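Let me begin by presenting the structure, written as structure tokens, before commenting on it.
What follows draws every value from the coordinates through simple rules; no lab data is involved. A quick note: this is a predicted structure, and the numbers were derived from the prediction, not measured. Quick reminder, even Gly has a Cβ in these numbers, built from the backbone with ideal geometry, and neighbours come from all protein chains shown.
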């Protein structure tokens, strides 16, 4: 009790997520045309390690703690912290690349803990994933929801900062993408 | 009006990030 979300909250998230997807689709062409800064070098679609570093950052990907000797603030060093899913970045990805990056990140998550930058990228990629989904995509997002459920089951504190993000992921997969057997029930 | 809010959406490169953060916070508030 206290860990799983109410039906009302879930319905609100589905509604909000639907609006976000509509907005992304509406403005995709605009953001796709924007130039990126020179430091934003996106990996090739089949570069799995490159995408993990790009999205999650070298620190998390390599389990490196920020050292006191860093001259650049970790919060501003996207190479170390991971690039956020800016619209100008994610709008440039093809559907096949979106699916591939989802697979890379979910694969990473199978062996690692849930971190904030992972949540942001998963949300952004799911927001850009066009429906109807391919069977492979259905399988992938179901894997994500199951992994989120497993991590959530190990949480000991309702105030754990991961809880709300895990609930959000499960809700989006189960309610928005209609994998109803995975939905949290009241 | 609606036109201004649409323009602000266009110019906000961080819209997806904000939407995610807002969703996460909403559960804590609930």
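Points worth noting:
- Ordering A:86, A:54 from the fewest to the most neighbouring beta carbons within 10 Å gives A:86, A:54.
- At the listed q of 0.07 Å⁻¹, the Debye profile of the protein assembly as shown, built from one uniform point per Cα, gives log10 I(q)/I(0) equal to -0.21.
- Radius of gyration (Cα atoms) of region A:1-64, expressed as a multiple of 2.2 N^0.38 Å: 1.66.
- Binned Cα-Cα distances of region A:87-132, short to long, each 10 Å bin given as a whole percent: 26, 57, 17
- Chain A: most fluctuating residue of A:108, A:31, A:51 per GNM, C-alpha cutoff 10 Å: A:31
- Highest-fluctuation residue, A:150, A:100, A:165 considered, GNM on chain A with Cα pairs under 10 Å: A:150
- Three-way shape call for region A:103-173 based on the alpha-carbon gyration tensor, with the a/c threshold at 1.5: prolate
- Highest-MSF residue in chain A out of A:36, A:140, A:118 [GNM, Cα springs under 10 Å]: A:36
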